[in-house]
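Shown next, in structure tokens, is the structure this report addresses.
No value in this document is a laboratory result; all are computed from the given coordinates. Just so it is clear, the structure is predicted and the values come from calculations on it, not from any experiment. Positions of Cβ are backbone-derived with ideal geometry, glycine not excepted, and every protein chain shown enters the neighbour counts.
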Amino acid sequence: MSVVHLEDIFSSLYGSSETSELPPIPTGDVSSPRSFSIKLFLCFVHDQIRTSGWMPRGRASASRPATADRALLSMRLRLGSGSEQELEGSFPPSTLQMVEEALSWGRSLAGDDALPDYLFSLGEVSLGSRITEKQAGLAASLLPSYEKAARKQMETRRNLGASRWMGEEGERIERTMRVIDRIVQRTKFGDRQLYKLESVDGDQAAWFTDKEAVEVGKSYVVKATVKKQDLRDNGLRVTLLTRLVILEGA
């Protein structure tokens, strides 16, 4: 993996052979000469994502620098003409609100040992008001991670409101169902089919069988026993069926 330095980005963007160093970040009253406001930095990250999309450092190249490095460069150049507080006030309310929401979400992750290492680290870096350049890549990823989590939460709420279970556990039901997907599971005892079904009302069901019984895309009138009512992580209610009998093709 190639390493892209901020100085190289500066040269490629501005073409100045006389500039060997980027403008230093003002240190104010902080002890670290390389620390800066995480909130201000994320405002610049938000601008970069909006104009150029998201690029993590792990996939960056000389022709497509990482979002974090572009944001660092832009922030350094702007800090030469104003304080952190003045620059923060120059961003629109929508950007400041997005950054505040992302930081609040990040802080809610802090200290949860059950989380994956990445999310745990994201929580830790969100706690402080200032970060270093070494932490910039992780901090920058807070925005796309928050947006992904927010979209998942919206999907969960939508699914909770839209999906319903069919019948009661142990009940024998009869429905017209469309086969929307088929997944083959390989086991030491042979292939097992998982069919995903959808009723005419849009309710979801799943059926396991040892044989290839129905065709994807076709509808059938079926009679089956409700084995379990399952609530998925995305908020979707799925009825697990057993002892399914096909009465007729719809």
Legend entry - Per-residue ³J(HN,Hα) for the range 167-176, Karplus 6.51 cos²θ - 1.76 cosθ + 1.60, θ = phi - 60°, Hz, x for Gly and Pro: x, 10, 4, x, 7, 8, 10, 10, 9, 8
Legend entry - Gained length - Trp54 relative to Glu212, 0.36 nm times residue gap less alpha-carbon distance: 52.6 nm
Legend entry - 32 Å Cα-Cα threshold exceeded, pairs from Lys188/Lys223; Lys152/Lys227; Lys148/Lys223; Lys148/Lys218: Lys148/Lys223; Lys148/Lys218
Inset, instruction - Counting only C-alpha contacts under 8 Å and six or more residues apart, can you give the relative contact order of the range 170-242 as a whole percent? - result: 34
Inset, instruction - Could you tell me what % of all Cα pairs in the range 148-250 have separations over 21 Å? - result: 37
Legend entry - Ranked packing of 142-150, 208-216, most packed first, by mean Cβ within 10 Å: 142-150, 208-216
Legend entry - Förster radius 51 Å - calculated FRET efficiency between Leu231 and Gln85, Cβ distance, rounded to 0.05: 0.65
Inset, instruction - At 0.36 nm per residue, minus the direct Cα-Cα distance, what do Glu147 and Glu169 gain on full extension? Give it in nm, one decimal, please. - result: 4.2 nm
Inset, instruction - Would you mind calculating the gained length between Gln97 and Asp113 on full extension (0.36 nm times residue separation, minus the Cα-Cα distance), in nm to one decimal? - result: 2.9 nm
Inset, instruction - Give me Asp113, Asp69, Asp230 ranked fewest to most by other Cβ atoms within 10 Å of their Cβ, as a rough exposure proxy. - result: Asp113, Asp230, Asp69
